[in-house]
Amino acid sequence: MELICLGLNHHTAPVGVRERFAVSEPKLGEAAGELVKLVGLNGGVVISTCNRTEYYALAESGEDGARQLREYMNRHAGEDIGDDHVYAKAGGDVARHLCRVVSGLDSMVLGETEVFGQAKRAYQSALESGHTAGDLNRLFQKAFAVGKRVRTVTGIQEGQTSVGSVAVDLAEKIFGHLRESRVMVIGAGEMSRTTAQSLLSRGAHSIFVTNRSFERAENLAKELDGEAVRFDDWQRVLAEVDVVVSSTGAPHAVVTKADVEGARRKRKFRPLFLIDIAVPRDIEPEVGEIEEVYLYDIDTIEQIATEGKGRRSEQIAVCEKIIEEELVKSGLL
Amino acid sequence: MDKWLLAGSTIMVVLGGGLGMLALQRGQRSHWTVVCMLAAFVLQLAFLGLRGEARGACPLGDHGEKLAFLAWSLVLFYLLVGPTYRLSLLGLFTAPVVVIFQLLALAPGMMTNDPEHVAEVNAWGEAHSAFSVLSFGALALAVVAGMMFLALNRLLKEHHLSTGLFKVLPPVRTLSVSVVRLTLLGVIILSVGMVSGLLMEGGGLNAHLVAALIVWLGYFALLVTHYTRGMTPRRFSLGVIVLFVFSLIVFSLV
């Protein structure tokens, strides 16, 4: 019996190809069952995320099993997708690859944590539907243990690597939990939306959206379950919020020092976190001179994200060393 | 024996602070800091108990005892406030202050070796001394939290976010709320101390009480401004620090 893995991910296939292999979470057990029906395969697990679909199987013969899986993939896609998009692993390389995946080393955002849970749920689905066996169980259990160790011992998930996550981290450093924090979004563009969503996902209390086009403000407010504010009225709302995300296409400053100074008394001088992700900048740099204001522009936030990415990259070698040690110890290499 | 207890507690505080500092360098928090501070607190209690028994009164008879009592109240409030606000890092900042107070207390000439047993206990006088020193424990801890706030505020304003200190400091809101609450607690206890002072035999409006009244008014004005008009956390923290330093200077003169 040999462990094999065939798959495609963001490194090898564009989204147009990847989406043809996507399997929704409730159907992962069923998909694992389809692998077991293939000749010479005795167990299977299917991992499917937005960045990858991978088929893990226990085959009587590695070569034959890989061929069976490859044909299955072509049948699934409805055509031969060619070899360029697909990678195949066998034996110890399967274990090495799975450990890298669950540790976040193979992710688009290095060190991201979501993939660990996705892989765990994929394995659980296959296990519950009775499609895993012997070495496949051992492989996944060991990979989860290694993934956990890698994340605990190394700094692979430390720091933030995107504008949204940096903004959320900073907001939490200022306000603690965000349950009592109100957010105002100035400008209804994509960057505003993703940053506001990041803040909401970490529990922000409520969202106000303002935009020159009130209709666009209403649409985004509806999407975020917030409240639309007319553009000539946002200064009033400034007194109520804790975080402001500004990303308009205005060629001049939208938020001036006078605007913030005007709201200070009403705010009782509470801390105010301003995130300016517009170019040219929406918020006058002088606003940052106000004592209780923490102003971050796109350059600063991107620099923090780049530093985060750099720190994570430095950890890759350490993570890989741990993976090798653990796999050798367990006899999977 | 009593001095050995105080020395032991000083060692525990140094240990707690040191472990906290090592953890800080690794960007972590040390749980052992709280354990060491707890051990230091028990040793301080034993020290104050022995001195109190020897005096037959509150152990505030000489400068050494006052400093030790102040250090004890600092650790007491640290243990009370720390877990509530999850400010275990406060120990790290509290430790050097406690160590300084206790080393001064242990310095030659600060503490009598054989404390005199008092002939008669003035209950209001004892209450005045104890509550006043206790209040300064809370106010000193407000200073510590205020300094932590100022450090974090500066790091955030200047975008220095990769330091170990930044990673382990509690959020701005937690710190600013702590500074206000500790100040409020200190002022309430100080008020009790002042009323006790007015009620004690032979009390009345002496220089000591006038100084206490000025300090109390300063804190009171700070709190009233905060709760009514509002105040930036930075200014409140600076106010707390300035008032504390001012009170130390004033009380050393009267």
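The values are calculated or read from the model by the stated rules, or taken from the named source; none is laboratory data. Here the structure is a predicted model, which means the values were calculated and not measured. Quick reminder, even Gly has a Cβ in these numbers, built from the backbone with ideal geometry, and neighbours come from all protein chains shown.
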Would it be correct to say that B:Met21 is in a helix (DSSP H, G or I), out of contact with any strand residue (DSSP E or B) (no Cβ under 9 Å at 6 or more places or on another chain) and surrounded by fewer than 17 Cβ atoms within 10 Å (Cβ to Cβ)?
-> yes
May I ask you to verify whether A:Gly189 is at pLDDT 95 or above and away from chain B (no Cβ under 14 Å)?
-> no
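If I go through segment A:147-168 residue by residue, how many of them are hydrophobic (A, V, I, L, M, F, W, C) and without any contact (Cβ under 8 Å) to a residue 12 or more places away in the chain?
Of the residues in segment A:147-168, the ones hydrophobic (A, V, I, L, M, F, W, C) are A:150, A:153, A:156, A:163, A:166-168.
From the residues that got through so far, the ones that are without any contact (Cβ under 8 Å) to a residue 12 or more places away in the chain too are none.
Matching residues across segment A:147-168 total 0.
Specify the residue that is surrounded by the fewest Cβ atoms within 10 Å (Cβ to Cβ); the eligible residues are those in segment B:171-195 that are of a type outside the set (A, V, I, L, M, F, W, C) and within 12 Å of chain A (Cβ to nearest Cβ). It would help to see each step written out before you state the result.
So the first thing to find is which residues in segment B:171-195 are of a type outside the set (A, V, I, L, M, F, W, C), and the list is B:171, B:173-174, B:176, B:178, B:181, B:183, B:186, B:191, B:193.
Still in the running and within 12 Å of chain A (Cβ to nearest Cβ): B:171, B:173-174, B:176, B:178.
On the way: B:Pro171: 18, B:Arg173: 21, B:Thr174: 21, B:Ser176: 25, B:Ser178: 25.
Per the stated criteria, the residue is B:Pro171.
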Scan segment A:284-333 for residues that are within 14 Å of chain B (Cβ to nearest Cβ) and more than 29 Å from A:Ser103 (Cα to Cα) and report the count.
-> 15
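Here are B:Ser196, B:Ser176: which of them is closer than 23 Å to A:Arg270 by Cβ and among the polar types (S, T, N, Q)?
Every option except B:Ser176 fails the conditions.
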A:Leu274 meets each of (1) surrounded by 17 or more Cβ atoms within 10 Å (Cβ to Cβ); (2) free of Cβ contacts under 8 Å to residues at least 12 places away in the same chain with one exception, condition (2)
What do you reckon, is B:Phe131 buried (at least 23 other Cβ atoms within 10 Å of the Cβ), outside the structural domain of B:Leu45 (by TED's automatic domain parsing), touching a helix residue (DSSP H, G or I) at 6+ places or on another chain (Cβ under 9 Å) and over 30 Å from A:Gln303 (Cα atoms)?
-> no
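Determine if segment A:125-132 includes at least one residue that is surrounded by fewer than 20 Cβ atoms within 10 Å (Cβ to Cβ), assigned to a helix (DSSP H, G or I) and more than 18 Å from the chain's Cα centre (by Cα). Step through it out loud before you land on a result.
Kept after step one, since they are surrounded by fewer than 20 Cβ atoms within 10 Å (Cβ to Cβ), are these residues of segment A:125-132: A:127-130.
Imposing the further condition that a residue be assigned to a helix (DSSP H, G or I) reduces the set to A:127-128.
Now narrow it down to the ones that are more than 18 Å from the chain's Cα centre (by Cα): A:127-128.
The answer is yes; a qualifying residue exists.
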Within segment B:11-49, the count of residues that are among the basic types (Lys, Arg) and closer than 20 Å to B:Val144 by Cα comes to 1
All but one of (1) more than 10 Å from chain B (Cβ to nearest Cβ); (2) touching a Pro at 6+ places or on another chain (Cβ under 6 Å) hold for A:Asp276; which doesn't?
-> (2)
With respect to B:Gly137, determine if the residue is assigned to a loop (DSSP other than H, G, I, E, B), modelled with pLDDT of 80 or more and either assigned by TED's automatic domain parsing to the domain that holds B:Gly52 or surrounded by 21 or more Cβ atoms within 10 Å (Cβ to Cβ) (or both).
-> no
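Can you find a residue in segment B:155-172 that is among the β-branched types (Val, Ile, Thr), within 25 Å of A:Gly159 (Cα to Cα) and not in a loop (DSSP other than H, G, I, E, B)? If you could, list the steps in order and put the result at the bottom.
Here is the first cut: in segment B:155-172, the ones among the β-branched types (Val, Ile, Thr) are B:163, B:168, B:172.
Next, only the ones that are within 25 Å of A:Gly159 (Cα to Cα) stay: B:163, B:168, B:172.
Filter once more, keeping what is not in a loop (DSSP other than H, G, I, E, B): B:168, B:172.
Among the residues of segment B:155-172, at least one is among the β-branched types (Val, Ile, Thr), within 25 Å of A:Gly159 (Cα to Cα) and not in a loop (DSSP other than H, G, I, E, B), which makes the answer yes.
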Kindly list the number of the only condition in (1) within 30 Å of A:Tyr294 (Cα to Cα); (2) away from chain B (no Cβ under 14 Å); (3) in a helix (DSSP H, G or I); (4) not polar (S, T, N, Q) that fails for A:Ala143.
-> (1)
For segment A:148-155, indicate whether the set of residues that are more than 30 Å from A:Gly92 (Cα to Cα) and either buried (at least 24 other Cβ atoms within 10 Å of the Cβ) or touching an Asp or Glu at 6+ places or on another chain (Cβ under 6 Å) (or both) is non-empty.
-> no
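Every residue in segment A:149-164 that is at pLDDT 90 or above and part of a helix (DSSP H, G or I), please.
Answer for segment A:149-164, where residues must be at pLDDT 90 or above and part of a helix (DSSP H, G or I): A:Arg149, A:Val150, A:Arg151, A:Thr152, A:Val153.
Residues that are crowded, with 18+ Cβ neighbours inside 10 Å, at least 3 per element: which strands (runs of 3 or more DSSP E) completely within segment A:28-110 meet that? Let's see the steps before the verdict.
On the way: elements: A:41-48, A:52-59, A:87-90.
The strands (runs of 3 or more DSSP E) meeting that bar are A:41-48, A:52-59.
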